1. Name the residues in the range B:131-169 that are crowded, with 24+ Cβ neighbours inside 10 Å and either outside any helix (DSSP H, G or I) or at pLDDT below 95 (or both), would you?
2. Here are some residues: A:232, A:222. Which one is closer than 12 Å to residue A:175 by Cβ, within 14 Å of chain B (Cβ to nearest Cβ) and in contact with a helix residue (DSSP H, G or I) (Cβ under 6 Å, 6 or more places away or on another chain)?
3. Here's a check for you: in the range B:1-17, which residue that is in contact (Cβ under 8 Å) with a residue 40 or more places away in the chain and surrounded by fewer than 19 Cβ atoms within 10 Å (Cβ to Cβ) is farthest from residue B:276 (Cα to Cα)?
4. If you scan the range A:213-230, which residues turn out to be more than 19 Å from residue A:263 (Cα to Cα) and surrounded by fewer than 19 Cβ atoms within 10 Å (Cβ to Cβ)?
5. Specify which of the listed residues (B:83, B:27) is on the phi > 0 side of the Ramachandran plot and at pLDDT 95 or above.
6. I'd like the residue in the range A:3-44 that is in contact with a helix residue (DSSP H, G or I) (Cβ under 9 Å, 6 or more places away or on another chain), part of a loop (DSSP other than H, G, I, E, B) and over 15 Å from residue B:257 (Cβ atoms) and, out of all such residues, is farthest from the other protein chains (Cβ to nearest Cβ).
7. Tally time: how many residues in the range A:223-273 are within 30 Å of residue B:17 (Cα to Cα), within 19 Å of the chain's Cα centre (by Cα) and part of a helix (DSSP H, G or I)?
8. Looking only at the range B:249-261, how many residues end up being more than 19 Å from residue A:64 (Cβ to Cβ), buried (at least 18 other Cβ atoms within 10 Å of the Cβ) and more than 9 Å from chain A (Cβ to nearest Cβ)?
């Protein structure tokens, strides 16, 4: 596993870096971004927060717009932002060029249907291949947290809930909370997973949460002025599922906030502190 | 003077807004962005920091990438980010489509040469027309600060130094400090102002600083790993000019930092506090 360094920017006493590597899981070249806080140069192996971005994003949106580096530098957290789908020649996209399916819209699952099954395996990439690479090449520990936005909020919830013990902390911004029951999720799941809705359950945060064995506390922020709130995101379905089984979910509805990175930037500090508190526990 | 609201995003308890208006100075429609901190809804008229962006930027770069809203919300500072040149049909750009002249590269001066003189009057727009508009329509006081990056750092220095009394605070990130003596400046000045270098002096921060009557303290941050440092930016020329006349300039060379917004984000808090301290003085 080799890692090609693409760029390096000093940031809050640490480094923002972009890398490229060959992904065997996705069968294509992938890029990702890392923020290494100043503590990374002091020999300590640091905890890592994985950030999963939303539809149409790449590794760049979060690093450029969330303003997370300041607090990560204070807390000694490494940040890792993968891309949102496989990319490159030979990777099929939506035949009509839609922005909510295919390239930039991998939905953090393992596709079972053709022609998607060969490359669209973002779950295994995010949960297994990328952390193995990060832990082999960078000064990080095996203490992992995961968060994300919108499609990436769904991804964070599903990756953590499907893999008990793999993450120590979990949060999300405006997640697609019940994808089996919203247009974005139905479009993606029916193509990646096929028409049998029974198979969708294994990728739906509400269903997974209802059967969770590890009860990792979840912090969710949701803007009340988010235009996708009622049709696509449905955080109240997650709340109902959590209350039914006594799952520790904190859902904060933020008046006036929308779906943009202006919303994320306003509350990222709370999320980083939520993660650091869990990741730093002995 | 009417102001068309284009978008509005809640941010750190305040509002990020984008507006469009007809500029009589530039003879075209212009867009700009404003951050209104939470205090703007409490009836107080707030001080304003004008931010001038660099080559190729629009009003969006600073608002999305600098992470300035958090501290502006704390300090009760309004932020205003204009575009970097006139725009639209009928506004001439560089005939060869260069990124360092014409559209996105107005250099914050008043052009005297054709075909630029009609639209390229960014100095008067930034110093007079835009503040008049802001002060007529938004809950702001006449306490103004100015800052910027690269070409916008040059702009901030020149706007303040040419107009004593108009600004109460001044700073810059990696400014083009001596444009009459660097390739970017020579290209722009020779076209906008003509070949007579004597006329360039009135738009060069080093020359203006040497003759300044009002000695507004200047904070400048400059990354030492900035690839434009020696050929284009030349902050040491500004330092020499300041020392020759006892002008209060603080030039901070930041090891490892480059020319990107990762650099700006790392030090924007210091600049906002520098401005607020002066703007809040009785």
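1. B:144, B:145, B:146, B:147, B:148, B:149, B:150, B:167, B:169
2. Details: A:232 fails: within 14 Å of chain B (Cβ to nearest Cβ).
Every option except A:222 fails the conditions.
3. So the first thing to find is which residues in the range B:1-17 are in contact (Cβ under 8 Å) with a residue 40 or more places away in the chain, and the list is B:1, B:3, B:11-14, B:16.
Now restrict to residues that are surrounded by fewer than 19 Cβ atoms within 10 Å (Cβ to Cβ): B:1, B:3, B:13.
On the way: B:1: 29, B:3: 27, B:13: 19 Å.
Residue satisfying both the conditions and the ranking: B:1.
4. Residues satisfying the conditions are A:213, A:214, A:215, A:217.
5. Values: B:83 fails: on the phi > 0 side of the Ramachandran plot.
Every option except B:27 fails the conditions.
6. Among those residues, the one meeting the criterion is A:24.
7. 17
8. 1
The values are calculated or read from the model by the stated rules, or taken from the named source; none is laboratory data. For clarity, every value in this text was computed on a predicted model and none was experimentally measured. Reconstructed Cβ throughout: ideal geometry from the backbone, glycine too, with neighbour counts over all protein chains shown.
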